[in-house]
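Take a look at this one; I'll ask things after.
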Amino acid sequence: MNLSIRDNTIYADNLKLCFCEAGNGRPNLPTGRYEVTTQFSHVHGRILPDAIGLGWIGAAPECDIVLGGVRGRNGVIPSPSALGRLLAMLEVSEDLGKTIMLEVAPC
């Protein structure tokens, strides 16, 4: 599976998943390619996608990439359902033994 972030939107195999933005006090997301795995985050107390070298992907402002269904006045509003959908898609890909890559395009 290939994930990509373009124009503050995350895509899974070129299909729009949801809006996203930098979180955890970051001003923006660094461009590049990152392998993604799911693992338990002790800081967040749950299983989250981890873009190795970039950080956690989740539905909380403390995550490095925040997933949201809509944009509010101050950025995306975190969406637990978008996170659940992404986790389900990642689980299927991991069960099939596929490598998951995230590509962050320049803004």
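Considering each residue of segment 1-20, count those that are within 11 Å of Asp64 (Cβ to Cβ) and surrounded by fewer than 19 Cβ atoms within 10 Å (Cβ to Cβ), and give that number.
Adding up the residues that qualify gives 0.
Hey, among Ala88, Ala59, which residue is among the hydrophobic types (A, V, I, L, M, F, W, C) and touching a strand residue (DSSP E or B) at 6+ places or on another chain (Cβ under 8 Å)?
Step by step, each of Ala88, Ala59 is checked, and only Ala59 is among the hydrophobic types (A, V, I, L, M, F, W, C) and touching a strand residue (DSSP E or B) at 6+ places or on another chain (Cβ under 8 Å).
Something else now. Could you please let me know if Gly25 is part of a loop (DSSP other than H, G, I, E, B), of a type in the set (Gly, Ala, Ser) and either buried (at least 20 other Cβ atoms within 10 Å of the Cβ) or out of contact with any Ser or Thr (no Cβ under 8 Å at 6 or more places or on another chain) (or both)?
Yes: the conditions hold for Gly25.
Quick one: in segment 48-62, which of the residues that are at pLDDT 95 or above, out of contact with any helix residue (DSSP H, G or I) (no Cβ under 8 Å at 6 or more places or on another chain) and aliphatic (A, V, I, L, M) is surrounded by the most Cβ atoms within 10 Å (Cβ to Cβ)?
If we take residues in segment 48-62 being at pLDDT 95 or above, out of contact with any helix residue (DSSP H, G or I) (no Cβ under 8 Å at 6 or more places or on another chain) and aliphatic (A, V, I, L, M), then Ala51 is surrounded by the most Cβ atoms within 10 Å (Cβ to Cβ).
Would you be able to tell me the number of residues in segment 91-107 that are more than 11 Å from the chain's Cα centre (by Cα) and surrounded by 15 or more Cβ atoms within 10 Å (Cβ to Cβ)?
So the count comes out to 3.
Output yes when any residue across segment 77-87 is closer than 21 Å to Ala105 by Cα, touching a Cys at 6+ places or on another chain (Cβ under 6 Å) and surrounded by 14 or more Cβ atoms within 10 Å (Cβ to Cβ), and no when none is.
yes
Right, Gly45: modelled with pLDDT of 95 or more and either out of contact with any Ser or Thr (no Cβ under 6 Å at 6 or more places or on another chain) or aliphatic (A, V, I, L, M) (or both) or not?
No, not satisfied.
The values are calculated or read from the model by the stated rules, or taken from the named source; none is laboratory data. Bear in mind that the values here come from a model prediction, so they are computed numbers and not experimental data. Virtual Cβ from ideal backbone geometry, glycine too; neighbours counted across all protein chains shown.
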